[in-house]
Amino acid sequence: EWGYSPTNGPDVWARLFPQAGGARQSPVDICTSIASSDSNLEMKKLTFAYESQSDLRILNTGHGWKVEAPQSGSRLEGGPLGEDIYQLEQFHCHWGETSAEGSEHTVDGRAYAGELHLVHWNTTKYQSFAEAAQHPDGLAVLGVFFDVGNESNDEIEKIVSTLSEIKFKGQFTDIPDVIDPTTFLPSGLGYWTYLGSLTTPPCNECVIWIVYKEPITVTEEQVTYH
Ligand SMILES: NS(=O)(=O)c1ccc(NC(=O)NCCO)cc1
Ligand SMILES: [Zn+2]
C-alpha cells in the first residue's frame, strides 16, 4: 500500500504507478517570481456555483478525510478551463503532524498548515469521473491553503467534528449539517494555475490546477492529526 514513508512514499510510487514519473507531476513549489500573469485569464473570469448539501458521506482515507459530494447542479468554468464545464465530485484535505507543514503545494518554498482540494471533472467532454481522469483536461482541482489562526472556520468545523466517528481507515459516516462548498473559498479570488496531476497514486496527469493565493484561517485543532 502506498504511503509517505521511505519505503512506500513519493520516491518509489513510480515503480507501481508509472505516471508518477511523468513530466507534469503535482504538487509543485509555486515560484511567485516566475509565475506569469496571463492577461487572457483576466478576460475569462473563473466562475463557480455550488449547491448546499446535507447528509454528505465523509470517509477516512487513511491519509486524511474525503467528502463524497457529487453535485450535478454544480458548475466550475472559465479562467483556464476553456469552454468546458466541470462538476464537483468530492473534496478532501491534506494536513500534517504540526501546523508548520501539511500543504501539498508550497509557495516560494513555504508550506501551509494544510490544503483543501475541491475535485471537479469535465462533464462537457466525458461521461464519468473515472473516464475524465484518463485525459489531460479531465479534472479541475481548486486548492485552498489553510493558515492557523485564532478564528475557527465554521464550515470546516462541521466536517472535523465528525472525525471522532471515523478514527480508522475505511470508516465513513454522514455529515448531518448542510455544507456549502462556496464557504471554503477565500474572499480574494486571485489564483495560480498550471497543468498537473493527481498528487497521490495513481498520479494521473489529468488535472488543471487552480490554487488560490489567499489562505483561509482555521484553528490548530482543525488541522492537526489527533
Ligand atoms: N490530491 S488530488 O490531486 O486532489 C487527488 C484527487 C483524486 C484522487 N483519486 C481519485 O479520485 N481516485 C478515484 C477513486 O477514488 C487522487 C488525488
Ligand atoms: Zn488532494
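So here's what we get for this one:
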{"item": "Value of Rg/Rh across the chain [Cα atoms, Kirkwood radius]", "result": "0.93"}
{"item": "Protection proxy ranking, peptides 106-112, 88-94, 152-158, average beta carbon neighbours within 10 Å, highest first", "result": "88-94, 152-158, 106-112"}
{"item": "Percent of Cα pairs exceeding the 26 Å cut-off, where the set is segment 93-226", "result": "27 percent"}
{"item": "Residue-averaged [θ]222 nm for the chain, counting only DSSP H segments that reach four residues, each worth -39500 (n - 2.57)", "result": "-1500 deg cm²/dmol"}
{"item": "The chain - charge dipole about Cα centre, Lys and Arg +1 at Cβ, Asp and Glu -1, debye rounded to 20", "result": "560 debye"}
{"item": "Principal axis dimensions, segment 1-50 - Cα atoms, whole angstrom, descending", "result": "46, 33, 18"}
{"item": "Scattering profile of segment 11-88 at q = 0.19, 0.20 Å⁻¹ [log10 I(q)/I(0), Debye over alpha-carbon scatterers]", "result": "-1.11, -1.10"}
{"item": "Overall Cα dimensions of segment 60-156, principal axis frame, Å, largest first", "result": "41, 29, 24"}
{"item": "Centre separation in Å (Cα based) which lies between segment 77-109 and segment 148-226", "result": "8 Å"}
{"item": "Of Lys44/Lys213; Lys125/Lys169; Lys66/Lys213; Lys44/Lys169; Lys169/Lys213, those spanning more than 29 Å from alpha-carbon to alpha-carbon", "result": "Lys125/Lys169; Lys44/Lys169; Lys169/Lys213"}
{"item": "Isotropically averaged projected area of segment 137-201, using the convex hull of Cα atoms (one quarter of hull area), nm²", "result": "6.8 nm²"}
{"item": "Relative contact order for the chain, counting Cα pairs under 8 Å that sit 6 or more residues apart, in percent", "result": "24 percent"}
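Readers should treat all values here as calculations from the given coordinates under stated rules, not as data from a laboratory. Note that the structure is predicted; figures quoted are calculated from it, not measured. Neighbour counts are summed over all protein chains in view; Cβ atoms, including those assigned to glycine, are modelled from backbone coordinates with ideal geometry.
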